[in-house]
Amino acid sequence: IYQVTDGNGCSATDTIDIVVLPAPDGTITPVDPFCIYDAPYDLEAITNLGTWSGAGITDASAGVFDPAAAGSGRHPIVFETVPDDRGCVGIDTTEVVVVDPPFAEFLTPDSAWCITANNQTYGHYLISGTDSSLFDLIVELNGSRDTLHLLSNGIDSILLNNGPGENQYRLLKVIEYHG
């Protein structure tokens, strides 16, 4: 209701109904974190008609996200639907995470591998990746494979059974679990 009174005390009112229409649904389907070397991925929303924007979007119509183009980090991605027959648009924003691959290496130098009285030594290794992640480390110790589960980011050690002659210790793979 709108009411007006002029300086002479005359007044008038008018009423208008305003209808707020719902916007089209542009909800983006959530995605898990990407590794920087993952292939481009087609993002999805409730509707296919609209425009995508943000770092790493290489095809704004199809919603193709390229982790390598985006780079490591957290990237806000926006989807905006095409206007409906009343001119309304739906907009949604999500955050896409791209991480560098994890890395593992032995820190103990070759000169430190010596036979002890009980043939037991500790080899120190480093795992680096996302701070809040957990890791599985697949190792080969003198030809036998083993998996060390749910390790933290940082430096740790592994018990080695050294024998005379050549001993071979290899870090074969590190697997990172995000959240």
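Determine whether Ile46 is under 22 Å from the mean Cα position of the chain (by Cα) and farther than 25 Å from Val174 by Cβ.
Criteria met by Ile46.
Mind listing whichever residues of the stretch 73-100 are open to solvent by less than 60 Å² (accessible area, probe 1.4 Å) and either among the basic types (Lys, Arg) or not in a strand (DSSP E or B) (or both)?
Across the stretch 73-100, the qualifying residues are Asp84, Gly87, Cys88, Val89, Gly90.
Restricting attention to the stretch 26-37, and to residues there that are open to solvent by 50 Å² or more (accessible area, probe 1.4 Å) and in contact with a strand residue (DSSP E or B) (Cβ under 8 Å, 6 or more places away or on another chain), which single residue is modelled with the lowest pLDDT?
This residue is Pro33.
Here are the criteria: (1) touching a Gly at 6+ places or on another chain (Cβ under 9 Å); (2) over 30 Å from Phe103 (Cα atoms). Tell me which single one Gly9 does not satisfy.
Checking Gly9 against (1) touching a Gly at 6+ places or on another chain (Cβ under 9 Å); (2) over 30 Å from Phe103 (Cα atoms), the one that fails is (1).
The values are calculated or read from the model by the stated rules, or taken from the named source; none is laboratory data. Worth saying up front: this structure is predicted, and the values here are computed from it rather than measured. Virtual Cβ from ideal backbone geometry, glycine too; neighbours counted across all protein chains shown. We work out accessible area using only protein heavy atoms, side chains counted, and drop any ligands, DNA or RNA first. Shrake-Rupley method; radii C 1.70, N 1.55, O 1.52, S 1.80 Å.
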